[in-house]
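J.: Below you'll find the structure I mean.
Each reported figure results from applying straightforward, stated rules to the coordinates on display, with no laboratory input. On a predicted model such as this, the values are computed, not experimentally measured, just so you know. Using ideal geometry, Cβ is built from the backbone for each residue, glycine included, and neighbour counts are taken over all protein chains shown.
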Amino acid sequence: MKKIFDSYSDFLQRQDKVDEEWVSVIGFEGLYEVSDMGEIKSLGRVNIYGRLLAPRILRSRNLKEYRSVTLYFRDGSRSQRLVHRIVGVAFLENPFNKPYVNHLNGKKWDNRKVNIAWSTQKENMVHASEIGLLADQQGSNNSNCKLTAVDAIAIKNSVLRSDDLAARYNISVGHVKDIRGGRKWKCAEEEAAIVKE
């Protein structure tokens, strides 16, 4: 039975560490290992300064919502890596050379082998939409929005020429035509009604 974790701290408290499978991190063989449970381990060694480093589980940190670790090469230079990509490269076959690692349950901190899969950007976006990770991007919810729902309704109902409206609202003529043709801002009436309430 697969255990579902609700938070990263729940994941760290788990009891199933005994069955973890560990393999070398590609490009860092003899320095680091990765587990199928998404943890990275530094192997005991002497660093470039002659200091003995004890083996330990690395603490990952957030990098744009994803877990990341800093790995050191033998020459002392370092590289920040995303944990889900390290796990994917180590444990998952990628016969179609897909560039993205998708989190199947949508939790970006859950880097277990059973929770990730290789995907294309399109597959990743479709999956995110299907499981509700993408917020509604229409109308004023879009971060690039220059108009309000009231503006869109005014444009749709205006008798002015498209180029005059474009200049007034600082948008393109094509955008004005898309609003008037119903291709953009279809939700304007609904959004304006919510604002009035």
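J.: Looking at (1) closer than 15 Å to V34 by Cα; (2) out of contact with any Gly (no Cβ under 7 Å at 6 or more places or on another chain), find the lone condition where K64 falls short.
T.: The single condition K64 does not satisfy is (1).
J.: Could you list, in sequence order, all residues of the stretch 26-48 that are touching a residue at least 24 places away in the same chain (Cβ under 8 Å) and surrounded by fewer than 11 Cβ atoms within 10 Å (Cβ to Cβ)?
T.: none
J.: Ok, one more. So if I check each of S129, S79, which one is among the polar types (S, T, N, Q) and touching a strand residue (DSSP E or B) at 6+ places or on another chain (Cβ under 6 Å)?
T.: On the way: S129 fails: touching a strand residue (DSSP E or B) at 6+ places or on another chain (Cβ under 6 Å).
None of the other options fit; the residue is S79.
J.: Just to verify a result, which residue in the stretch 68-103, among those that are touching a helix residue (DSSP H, G or I) at 6+ places or on another chain (Cβ under 8 Å) and aromatic (F, W, Y), is farthest from P55 (Cα to Cα)? I'd like the intermediate steps shown before the answer.
T.: Step one: filter the stretch 68-103 for residues touching a helix residue (DSSP H, G or I) at 6+ places or on another chain (Cβ under 8 Å), giving 68-69, 87, 91-92, 94, 98-103.
Still in the running and aromatic (F, W, Y): 91, 100.
Details: F91: 22, Y100: 30 Å.
Top of the filtered list is Y100.
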